[in-house]
Structure formats: structure tokens, C-alpha cells
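The values are calculated or read from the model by the stated rules, or taken from the named source; none is laboratory data. These numbers were taken from a predicted model, which means no experiment stands behind them. Glycine gets a Cβ as well: all are built from the backbone with ideal geometry, and neighbour counts include every protein chain shown.
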Amino acid sequence: MQAQELPIDPQAIRELIRLGKYDGVTGGLAPGYVQANLVILPKYLAFDFLLFCQRNPRPCPVLEVLEAGNPNPILTTPGADIRTDIPKYRIFRKGTLDEEVGDLNSFWRDDLVSFLLGCSFTFESALVESGIHLDHWDNNKNVAMWKTNIDCVPSGMFRGPMVVSMRPIHHSNVTKAVQVTSRFPGAHGAPVHIGDPKLLGISDINFPDYGEPANFQDGQVPMFWACGVTPQAVALESKPDFMITHAPGHMFITNKRDYELASL
């Protein structure tokens, strides 16, 4: 099933994902609803990771923390199941990405603590409503993402680089894009950088570390936001024994409306 054929109701989309009828990226789906990154860790690592998020709120804004063994995000999406309701998951073991899977039923344990973190897909509806076109929406692609030379503040074993997502924005809309996204601190907020990607340690804007390259049009400049794929880069560097995440661009779509995360 193609993204353009999906319903706009988040519960209906999650049901299709749960049944294995959609495994694509979620950018542009369920406009107006909050999307979330996922990190799952054994309980003995959960406090250090929560502290990592508290010290690095731009890439890791916490929306909800589920108790050990509980797969139901009762605060953001009662009735959902984070083991089955994301299109694609990643399994990390000792700092190695071992596999990508369509559900977590065979990996679930009673000691696993789940974190839902804010995602920039949440503010994209507001950008589009303000008249700003998004390349990955228009072309049904995954957003481009890179590891940067910005180090996160460490906590316990967790340390590593910030990951950013990038959207080409026409120079006449740069100020508007900053104003719109700054209203969503729970979804990464304002951009962390605008312009020259080399200042972030990105050598080639055409070769992202995650996602797909963007198509630049005349007059557009790159704008970079902190990204919830950061924990995946941290996993590669910190090497926890076991960690589960969403696959980049394949988010958990909540029942929470985007305006609930917006500041006045």
C-alpha cells in the first residue's frame, strides 16, 4: 500500500501497520498528529538514558516513558502497542545494528523500558500550513539525516554525536520556518543550524547518513534540526548490550494533536 492511499486517522494507520500492510516512512502521514521516536532499553540502563535525554533536550525531548514490560503508551496513545505499531524497528546489540524487523513480539522482555521522544515530523504539518513546501512530502521520500560534529552531553555510558535532519527551505521563508518550528520544543524546536553544512562536519549534502537525498531548488538553503535518530548514533558509539529503536523515518504515530506540543 502506498502512502498516498493511507487513511489520515492515526489509529487506522497503526492498524494497517500492525497487520503488516504498510511498512514505509511516516513523514506526511496523519497530518496534525504527533509522531514519536522510539528507544527501548533494559531497565538497568533506563535511568542513565533518561538523564541523557534531560541533558540533551533538543535531540531527545521526552514525550512518555513506559514502565518496564509495558508496551502500551497510556499517556499519548491508549490502546496502542509499541511492539507492533511502528512500520520498522532496529535491533542493536553491543553497538552493532544486528537487524531490522517488522515487529517486536519475539524480542519483548519484562525488563524493557520504552521511551517515546519528540519528532520533527510533528511540526511539518505546521510548516506546510504556513505555505512552506517540503521536498520529502512532495516526492514521498524519507527526510535526509546526518551525524554531526556536535557532541551530546554524556550520561553514564551514553555518549555520542547529535544527528540532524535537513529540509531545503527557500531563503524567503527561512525566518518563517524558524518561527513556526520554535513553537514545538517537544518536537526538537527551532533549527540548530542554517546554511553551510560543513560547519556541522557534513562533507557532502548529497549523501545523507540516514534517509534520502533532498532535491534543492533555486533559492533554497539547507536548514538543520536536531533529530531523534541521535540515540541510534549514540548506540553505535556507547555499545549498550541491547537496544531497540525505530528505523529512521519510520515513526510511532500517536493520538496526540500537534497543537498540544505547541507553545504560545
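Some notes on this structure:
- Residue 226 vs. criteria farther than 19 Å from residue 38 by Cα and under 19 Å from the mean Cα position of the chain (by Cα): no
- Failed item, numbered, when residue 153 is tested on (1) within 17 Å of residue 227 (Cα to Cα); (2) among the hydrophobic types (A, V, I, L, M, F, W, C); (3) surrounded by fewer than 19 Cβ atoms within 10 Å (Cβ to Cβ); (4) without any contact (Cβ under 8 Å) to a residue 60 or more places away in the chain: (4)
- Residues that are among the acidic types (Asp, Glu) and in contact (Cβ under 8 Å) with a residue 40 or more places away in the chain were ranked within segment 68-102; the one that is farthest from residue 226 (Cα to Cα) is 81.
- When 41, 51, 6, 63 are screened for being in contact with a helix residue (DSSP H, G or I) (Cβ under 6 Å, 6 or more places away or on another chain) and under 30 Å from residue 159 (Cα atoms), only 41 passes.
- Unique residue being part of a loop (DSSP other than H, G, I, E, B), surrounded by fewer than 20 Cβ atoms within 10 Å (Cβ to Cβ) and either in contact with a strand residue (DSSP E or B) (Cβ under 6 Å, 6 or more places away or on another chain) or at positive phi (or both) when the list is 140, 105: 140
- For segment 67-99, the candidate set comprises residues that are in a strand (DSSP E or B) and either in the same structural domain as residue 142 (by TED's automatic domain parsing) or acidic (Asp, Glu) (or both); within that set, the residue that is farthest from residue 256 (Cα to Cα) is 98.
- Selected residue (only one of 175, 148 is loosely packed, with under 15 Cβ neighbours inside 10 Å, among the β-branched types (Val, Ile, Thr) and modelled with pLDDT of 95 or more): 175
- Among the residues of segment 22-47, those that are under 15 Å from residue 115 (Cβ atoms) and under 18 Å from the mean Cα position of the chain (by Cα) comprise 34, 35, 36, 37, 38, 39, 40, 41.
- Qualifying residue in segment 41-64 (condition: within 26 Å of residue 123 (Cα to Cα), surrounded by fewer than 17 Cβ atoms within 10 Å (Cβ to Cβ) and modelled with pLDDT under 95): no
- Selection status of residue 14, touching a Phe, Trp or Tyr at 6+ places or on another chain (Cβ under 7 Å), assigned by TED's automatic domain parsing to the domain that holds residue 115 and basic (Lys, Arg): no
- Hits in segment 31-66 - residues which are out of contact with any Lys or Arg (no Cβ under 9 Å at 6 or more places or on another chain) and part of a loop (DSSP other than H, G, I, E, B): 31, 56, 57, 58, 59, 60, 61
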